[in-house]
1. Regarding A87, is this residue at pLDDT 90 or above and crowded, with 16+ Cβ neighbours inside 10 Å?
2. Could you check segment 117-153 and list, in sequence order, the residues that are surrounded by fewer than 19 Cβ atoms within 10 Å (Cβ to Cβ), at pLDDT 90 or above and of a type in the set (A, V, I, L, M)?
3. Please identify the pairs in which a residue from segment 431-451 that is of a type in the set (K, R) has its Cβ atom under 8 Å from the Cβ atom of a residue that is surrounded by 15 or more Cβ atoms within 10 Å (Cβ to Cβ) and assigned to a helix (DSSP H, G or I), counting only partners at least 6 apart or on another chain.
4. Just one of T344, T417 is on the phi < 0 side of the Ramachandran plot, of a type in the set (V, I, T) and surrounded by fewer than 16 Cβ atoms within 10 Å (Cβ to Cβ); which is it?
5. Does E110 qualify as being open to solvent by less than 80 Å² (accessible area, probe 1.4 Å), of a type in the set (D, E) and either closer than 24 Å to M170 by Cβ or over 41 Å from the mean Cα position of the chain (by Cα) (or both)?
6. Looking at this structure, is E35 without any contact (Cβ under 8 Å) to a residue 60 or more places away in the chain, in contact with a strand residue (DSSP E or B) (Cβ under 6 Å, 6 or more places away or on another chain) and not aliphatic (A, V, I, L, M)?
7. What about I81, is it of a type in the set (A, V, I, L, M, F, W, C), crowded, with 20+ Cβ neighbours inside 10 Å and part of a helix (DSSP H, G or I)?
8. If I ask for residues that are open to solvent by 60 Å² or more (accessible area, probe 1.4 Å) and at pLDDT 85 or above, which ones from segment 9-21 would you list?
Amino acid sequence: MDYIVKDGEVIIVDEFTGRLMPGRRYSEGLHQALEAKENVKIENENQTLATITFQNYFRMYDKLAGMTGTADTEAAEFKKIYDLDVAVIPTDKPMIRKDNPDVIYKTRREKFEAALDEIVALHQKGQPVLVGTISIDVSESLSQKLKKRGIKHAVLNAKNHEKEAEIIAMAGQKGAVTISTNMAGRGTDIVLGEGVTDLGGLHILGTERHESRRIDNQLRGRSGRQGDPGSSRFYLALEDDLLRIFGGERITGIMEKLGMQEGEPIEHNMISRAIENAQSKVEGHNFEIRKQLLEYDDVMNQQREVIYRQRREALNGKSLKPTIMEIVVERAEEIAEAFADEKTLPEEWDFKEIQDAVFKQFNFRLDALDPATADGFDRDGLVELISESARKVYDAREAAAGAEQFRYLERVVMLQTVDNLWKDHLLSMDHLKEGIGLRGYAQQNPLIVYKKEGFEMFQDMIARIKEETLGILFRIQIAEPEKIEQLRRPAQQQLVFSGGGEPASKKPVKRSTKKIGRNDPCSCGSGKKYKKCCGK
């Protein structure tokens, strides 16, 4: 976990890129714990109000296109997710950068010592070096080692984030040594200083292979731009995570064939190809993770479209009364279905329960509903009676408040209800997703379970939106203009006299009757003592 304290705030730092991520906060109280530790103001925990994946966000556009220097390795993902073809455009000027094969050592200690030796040698020669690291920790460690060797250098990470463009722009000057995380400095061209072209241009030194070939290509792409000379080389160790976890027996077998000795590097195109194969495996694995995340978000996306359609209806200024009346009929049908069984005679229905349900939802009582007049009555008749009665009550409330004001009220109530319940639903869906993977142990497909239970939760939320919207609109009290003005006026202050003696305008209060003692009989005639009766 990496973070910095800036202007009284705890700001998260991306551990791979070294970039600051303002606005992002750790969840479940972790960010508040960091704020308490750093003695800064403890803010409230963030709550998700809206969520969408990048994939579904981009797929909302009718037309989608882009340009990048590193898309070719991700061509399959672009095709499957966005149905986009990747076309490779030749460079403006011939690429003359020399990309050397990777050198591989047994241990990380040997690897870094060899990398430091090359940095020192190139620095003494005057050739600029850009050192790429995969994390902030490695860049800081490498910086300390260069300081011990007396090599002047610049470090690009979150601590000097504002100077990113300035630092990276100077990386091509004679004798410059710049340490950076792999992705830092994008968007800034490194212009070669005077005489650097004759020295071989900018040299890129990678201290480790990233899981993604695209990131390595981005680092290499800092050198050899617009026909400039340049070179690159990656230093690896068998202890690196990529080789240790994903390299497998293939790389180990190659090392044994080539005869690796302590302190001696092995440099071979076969090794580079084997490492690229390992990276391809990791990229495929990461793509599967992103694809699965998208499948889960597709469930949310369908729900998101329904909710945002409702919000747009409320925001576009059109009357919501037809929608409200449709909800009235739906709720009337639900009440009838719950309390009026078609298999029994209408006289046997529990009319008190029906009246209570109508009052709870619509805030009025169905006086016309009577068992004595229920002969020939059916469920459809009950639905019509409830909905027509509700419509009359609603029209009367609208007339009392004014049609224009009531249209505005409908929009406000609908928006607030949708937003509040959608916010709670997002939190519930997050909780569902957290534990859904465990369903696999019960021989259930987690994605199918997530779709089923998520749909049920969404239906419950929609029902609550309708129920609460009607409840508020049938109960809200519209204040008259005179009462609003009265509430706006500041309350008269009550002056309390605190000086010595009696104020001139105030007369002493005198008791007109005899004081009753606590143990005297009570004056109400109960026969009890005053303290046990009215004085209690």
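The values are calculated or read from the model by the stated rules, or taken from the named source; none is laboratory data. Remember, predicted model here, so these are calculated numbers, not experimental data. All Cβ positions, glycine included, derive from the backbone under ideal geometry; neighbour counts span all protein chains shown. To get the accessible areas, we keep the full protein, side chains included, count just its heavy atoms, and leave off ligands, DNA and RNA. Shrake-Rupley method; radii C 1.70, N 1.55, O 1.52, S 1.80 Å.
1. no
2. Those that are surrounded by fewer than 19 Cβ atoms within 10 Å (Cβ to Cβ), at pLDDT 90 or above and of a type in the set (A, V, I, L, M): V120, A121, I151.
3. Here the result reads K433/Y296; K433/Y450; R439/P446; R439/V449; K451/V299, each pair linking segment 431-451 to a residue that is surrounded by 15 or more Cβ atoms within 10 Å (Cβ to Cβ) and assigned to a helix (DSSP H, G or I).
4. Testing whether each residue is on the phi < 0 side of the Ramachandran plot, of a type in the set (V, I, T) and surrounded by fewer than 16 Cβ atoms within 10 Å (Cβ to Cβ) leaves just T344.
5. On the way: open to solvent by less than 80 Å² (accessible area, probe 1.4 Å): yes; of a type in the set (D, E): yes; either closer than 24 Å to M170 by Cβ or over 41 Å from the mean Cα position of the chain (by Cα) (or both): yes.
Against the criterion (open to solvent by less than 80 Å² (accessible area, probe 1.4 Å), of a type in the set (D, E) and either closer than 24 Å to M170 by Cβ or over 41 Å from the mean Cα position of the chain (by Cα) (or both)), E110 qualifies.
6. Numbers: without any contact (Cβ under 8 Å) to a residue 60 or more places away in the chain: yes; in contact with a strand residue (DSSP E or B) (Cβ under 6 Å, 6 or more places away or on another chain): yes; not aliphatic (A, V, I, L, M): yes.
Against the criterion (without any contact (Cβ under 8 Å) to a residue 60 or more places away in the chain, in contact with a strand residue (DSSP E or B) (Cβ under 6 Å, 6 or more places away or on another chain) and not aliphatic (A, V, I, L, M)), E35 qualifies.
7. no
8. Listed by number, the list holds a single entry, E9.
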